[in-house]
Amino acid sequence: MPRDPALDDTPAADLSKDEWRSLLEPAEFAILRESGTERPGTGRYLNLEAAGAYHCAGCGNKLYGAEHKFHSGCGWPSFFQEVEPDALVTVSDTSHGMTRTEMRCAGCDGHLGHIFPDAPQTPTGIRHCVNGTALIFVPAGEDVRDVLRAHREE
Ligand SMILES: [Zn+2]
């Protein structure tokens with residue numbers, strides 16, 4: 001069994017790039033570990049409205065509640081706030097000739113997406129524009145480890 005920060009007690013920071021590569025789906029690896037972006041409209045969970053929570057697909061860290069999700073029309077799953085203030089970290093991203101606020105998972109430093117101040121229809125006014133591929137949805141009442149274990153074996 002490969003070491004898995006989401007399923008055993010391996011600190012996420014201990015994992016090498018090759019270990020992440022063997023653990024994650026290719027698309028998950030490209031986004032979480034190489035700061036890629038899924039094409040708009042193609043990511044999982046875009047239109048999901050079920051009760052539950054969204055966790056990091058890399059390390060299982062809880063990031064968002066379904067109650068924080070809203071339809072932004074931007075083509076990526078959108079949330080107006082994280083579940084806890086320390087769930088994610090933000091960094092200034094100046095790639096592609098733009099200055100944006102990048103979000104990374106506080107549990108594994110995986111790339112999630114960007115934050116934009118363009119959601120006046122929400123309680124916070126901000127949009128967390130998240131790659132659905134970076135997330136794993138855990139239905140209400142289910143355990144993230146069970147869901148991720150099944151996902152890893154798909
Ligand atoms: Zn993570």
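The values are calculated or read from the model by the stated rules, or taken from the named source; none is laboratory data. Bear in mind the structure is a predicted one, so any value in this text is a computation, not a measurement. When we count neighbours, we look across all protein chains shown, and the Cβ atoms used for this are built from the backbone with ideal geometry, even at glycine.
Brief remarks follow.
- The single residue among LEU88, LEU48, LEU24 that is away from the ligand (no atom under 16 Å from the Cβ), modelled with pLDDT of 95 or more and within 21 Å of ASP143 (Cα to Cα) turns out to be LEU48.
- Residue in region 117-128 that is surrounded by 19 or more Cβ atoms within 10 Å (Cβ to Cβ), closer than 21 Å to GLY60 by Cα and in contact (Cβ under 8 Å) with a residue 12 or more places away in the chain present: yes
- Pairs where the first residue, in region 90-108, is farther than 15 Å from ASN131 by Cα and the second is in a helix (DSSP H, G or I), C-beta under 7 Å, 6+ apart: GLY107/ALA12; CYS108/ALA12
- Considering (1) out of contact with any helix residue (DSSP H, G or I) (no Cβ under 6 Å at 6 or more places or on another chain); (2) part of a loop (DSSP other than H, G, I, E, B), the lone condition that PHE137 does not fulfil carries the number (2).
- Residues of region 1-15 that are closer than 17 Å to LYS62 by Cβ and within 11 Å of the ligand (Cβ to nearest atom): PRO5, ALA6, ALA12.
- Residue satisfying condition, being in contact (Cβ under 8 Å) with a residue 40 or more places away in the chain, charged (D, E, K, R), within 23 Å of VAL89 (Cβ to Cβ) and in contact with a strand residue (DSSP E or B) (Cβ under 6 Å, 6 or more places away or on another chain), within set LYS69, LYS62: LYS62
- Residues in region 110-131 that are within 16 Å of the ligand (Cβ to nearest atom) and farther than 16 Å from GLU67 by Cα: GLY110, HIS111, LEU112, GLY113, ASN131.
- Taking region 1-108 and the strands (runs of 3 or more DSSP E) fully enclosed by it, the elements with 2 or more residues that are loosely packed, with under 14 Cβ neighbours inside 10 Å are at 88-93.
- Residue match in region 67-83 (condition: of a type in the set (Val, Ile, Thr) and more than 24 Å from ALA12 (Cα to Cα)): no
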